[in-house]
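Taken together, the values in this text are just the output of simple stated rules run on the coordinates, not laboratory data. Just so you know, these numbers come straight off a predicted model, no measurement behind them. With ideal geometry, Cβ positions are generated from the backbone for all residues, glycine too; neighbour counts draw on all protein chains shown.
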Amino acid sequence: MNHVVKRHGHTQPYDERKLYASVFASLNAVRVPVEEAELVANQVCKELGSWLGNKHEVTSGDIHRKASRILSAINPDAGYIYKTHRSIS
Amino acid sequence: MSRAAPYDYDLISIGSGTGGSVGANYASKLGKKVAIVEQENVLGGECPNWACVPTKALLHSADIYETVNNASFYGINPGKISINYKKIKAWKDLVVSRTGTSHAEETFAKDGIDVLRGHAHFIDPHTISIDGKRYRSRKFLIASGTKNFIPPVEGLEESGYITFREAIDLQKIPKSIFIIGGGPIGCEFAQLFSSFGSKAHLIEVAPRLLGHEEPESADLIKAVFLKRKVDVVTNGKIYSIEKKGKKKSIKYSDGKTAHHIEVDEVLVASGKRPNVDFGLENAGVKYDKHGIKTNRFMQTSAKHIWAAGDVVGPYQFTHTAAYQSRLAGHNMFARKSACQAAYYNCIPRTVFTSPEVASVGTTEEEVRKHGGKPKIGMAPVSILGRANTSNQTTGLVKVVCSHKGVILGASIVAPRAGEMIHELALAVRFGHSAKEIANMIHAFPTWSEAVKVACAKVQ
């Protein structure tokens, strides 16, 4: 089981649904059709899951950076939205 | 464990290879509490387990096989000789076992160093997580090494390939092998497999083999390989690889003509990339595609974290890793005024082909690129008494000097080039002139006489 260390130090199990939702929202924001957005979000989750592998603990920053790189390689605009959204929020 | 908890260690070294263990031992001898993290099943890193040591053991067998094969010329009739590759592999395993990696854990324990098994990941600048357990350390030494770079060739993944890690443990010699990459690793395996009778194909994307060496050395090794019936392709491009039954079908070009061959095995030796997947961002350690960035004292962008070995570069040698790791171990606990900087101008480099290729310092091309006007001295080994008595006439020594005749670099192709280079490394390190080396008495008949002759010819 992969765990995520959050910004303030507490830990929670990795939840792929959260990643999927945020990636999907970024794709949606740049008007990627829903079906394509679903496919891309799934791909990002799959690649990130593969990177997580047997890493027991990673930080939320790690997940954000990695997902951002994966998404940017597929859709640079959505990647930009995903990357910058967190620093604004 | 909370963030305010005290440190578990004074130093945690990530990686138990030379880059990690030398610094860890140094710190331990200073009385520091030290741990080493290793994610592989065996300790000791790449060199003793999969790289330098096993390949040199296999090359030694290959050399003996070739020597015995040619023995009749020298009046010795060895009878019918054959290869028992299982025994060759057993010899290689014996050599690896003698390095002590199998009982390294006890050795570390004796030295007061804890071994932590698993993948380390930085959670914050002073904390790593290994399989969910957290460890805090005052300082870190990152020596995580490299991973193989697998080129994006169509069909390569699907058809399967080996790297040097698998190549040292093959159960039998492939009848034919396609080696991707004409650097030191590719050349050594071309040497090995061709010695044992494989049809070796060596492809390099650059215009010449051993791209960091002098063109004279690279051209000579290419000629040696061609004489050994190794199919050498430079300016090569691989179009596709496809599995056909037990064979692999490869389409490639030599820059002019398209070719199509079928081989038993594909070996990828196209370089390495640094292992930097440790949450380095969480620790404030800067890195790029070439590796972790350090200053001359081996300190990273995070002041309490040092790095050494292949993950840093600029050379990926065990002796460079040892040098950097010792410096890191010293500097991290020394007063600022006592810190020692790393210098790379006299790092010897050796490729264990036959003849060997060795070099140190700068090349003629590099000097010219920086606007210098180098003086050059060259000597073929064929003029030596030793070449006559050994019946080995292939090789050369090239010395690169400043306009004042101070030795800046040298390259050697000769049967004992890896040993010979150290005389010239010493000269580079201490700024000796070619004239001084030429005036030294060199024993007759030795390969080193070529160094003297090359230095005498500098102009």
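Quick look at the values:
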{"item": "Total residues in the range B:256-285, condition on the phi > 0 side of the Ramachandran plot and more than 28 Å from the chain's Cα centre (by Cα)", "result": "1"}
{"item": "Test: residue in the range B:286-305 that is of a type in the set (G, A, S), within 22 Å of B:K336 (Cα to Cα) and over 25 Å from the mean Cα position of the chain (by Cα)", "result": "yes"}
{"item": "Qualifying residue in the range B:318-339 (condition: polar (S, T, N, Q), touching a residue at least 24 places away in the same chain (Cβ under 8 Å) and in a loop (DSSP other than H, G, I, E, B))", "result": "no"}
{"item": "Qualifying positions in the range B:123-151 - buried (at least 21 other Cβ atoms within 10 Å of the Cβ), assigned to a strand (DSSP E or B) and more than 8 Å from chain A (Cβ to nearest Cβ)", "result": "B:T127, B:I128, B:S137, B:K139, B:F140, B:L141, B:I142"}
{"item": "Unique residue being small (G, A, S), away from chain A (no Cβ under 14 Å) and on the phi > 0 side of the Ramachandran plot when the list is B:G160, B:G186", "result": "B:G160"}
{"item": "Every pair of residues 6+ apart whose Cβ atoms lie under 8 Å, when the first sits in the range B:42-54 and is free of Cβ contacts under 8 Å to residues at least 24 places away in the same chain while the second is surrounded by 24 or more Cβ atoms within 10 Å (Cβ to Cβ)", "result": "none"}
{"item": "Residue count, the range B:82-109 (criterion: of a type in the set (D, E) and more than 30 Å from B:G31 (Cβ to Cβ))", "result": "1"}
{"item": "Elements of type strands (runs of 3 or more DSSP E) contained in the range B:343-434, each with 1 or more residues being over 17 Å from the mean Cα position of the chain (by Cα) and surrounded by 16 or more Cβ atoms within 10 Å (Cβ to Cβ)", "result": "B:375-380, B:396-401, B:407-414"}
